[in-house]
Every structure is written in C-alpha cells, then in structure tokens.
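The numbers here are math on the coordinates, done by the rules we state, and not lab data. What you see is a predicted model, and the numbers here were worked out from it, not measured in a lab. Don't worry about glycine lacking a Cβ; one is built from the backbone with ideal geometry, like all the others, and counts go over all protein chains shown.
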Amino acid sequence: APAPKRPRPEFAKDARGWVAESCWFCMSSPKFETHLVASIGEETYVAMAKGPLVPLHVLVLPIVHKRCTLELSESEDKEVAAYLGALRKRCEAHGEVLLVFERYMANSQFEHMHVQAVALPAALAGGCKEHFERHGA
C-alpha cells in the first residue's frame, strides 16, 4: 500500500493569512486559479503562465508564500531545482533551451516568488544572458 501523504496545513492558511488571501499564487487565496496548475510537489508547484511568451512558459513556485528564492528552505530549493531539471530535459529532447529567471520586487510584501521558465529554440537562445545583463534593471 502506498504511504499516506502528510497533511499540508499551508493549503488551508498561510501564517500571514492577510497576504495569502490577496495573493494570486497562494493556494489558500480565493484568487488562486487552479486550472493553471500543471504539477504539485511536496513544497512547490508548477503553473502555466497567465500571459505566456511562448507555448511552454511556466512558473515554478513555493506553496508557502515567500518573496524571493533567498527565502526558500533547502528542501524547497531542491524541489525547484528538480522541476527545472525535468523541464530542461524536456527542452533538450525537443532542440530547445530553457531560459530561467526570477523577477524580484523588494518593495512588495504581496509578491509571491516565482521562477519563470521559458522554452526557446536552441538557435535563438544564444546571447540571452548578455541581453538580460545589458538591458535588465
């Protein structure tokens, strides 16, 4: 018999309920859009982007509200890395490269961190890092 799943109290309420209720990405929020969720792990999940840049444009997010990747626990960080690794393998199999970035907004207490993952044709991916460094804010 499969092992029973451990309960996830963070689904019911984030410790900062006033944040969770206002956040699009907190699963306990009335604003949460379940139809965008592609996969749920133990501590993180993958969702389709609301306004995707390309057909394979997803977000990798912690289930618990965190403002940036620096706030992730070690286990959350490992799970994000595992999702990104799986997405990279999928891209490699299709001649694509996975462009990964985080948009951090230090002034926003409501910002739920998310890593953007965008699949690009390998031929178009060259120079992405330099372009971000040159034109990023």
Restricted to pairs 8 or more residues apart or on different chains, the lysines in segment 9-135 with C-alpha atoms under 28 Å apart form a number of pairs equal to 17
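Kindly give the semi-axes, whole Å and largest first, of the ellipsoid equivalent to segment 9-135, taking each as the square root of 5 times a Cα gyration tensor eigenvalue. List each step's numbers first, then the result.
Numbers: eigenvalues 140, 50, 36 Å².
With the √(5λ) rule applied to segment 9-135, the semi-axes are 26, 16, 13 Å.
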Which distance in nm do the two modelled labels at L70 and A82 give, with both placed 7 Å along the Cα-to-Cβ direction? 2.7 nm
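How much net charge surrounds P55 when only other residues with a Cβ under 13 Å from its Cβ are counted (Lys, Arg +1; Asp, Glu -1)?
Working: positive: R90; negative: E96.
The answer is 0.
Which net charge results for the neighbourhood of E74, defined as the other residues with beta-carbon distances under 15 angstrom from its beta-carbon, given Lys and Arg at +1 and Asp and Glu at -1? Display every interim value, and only then the final one.
Values: positive: K66, K78; negative: E42, E43, E71, E76, D77, E79.
Every neighbour counted, the sum reads -4.
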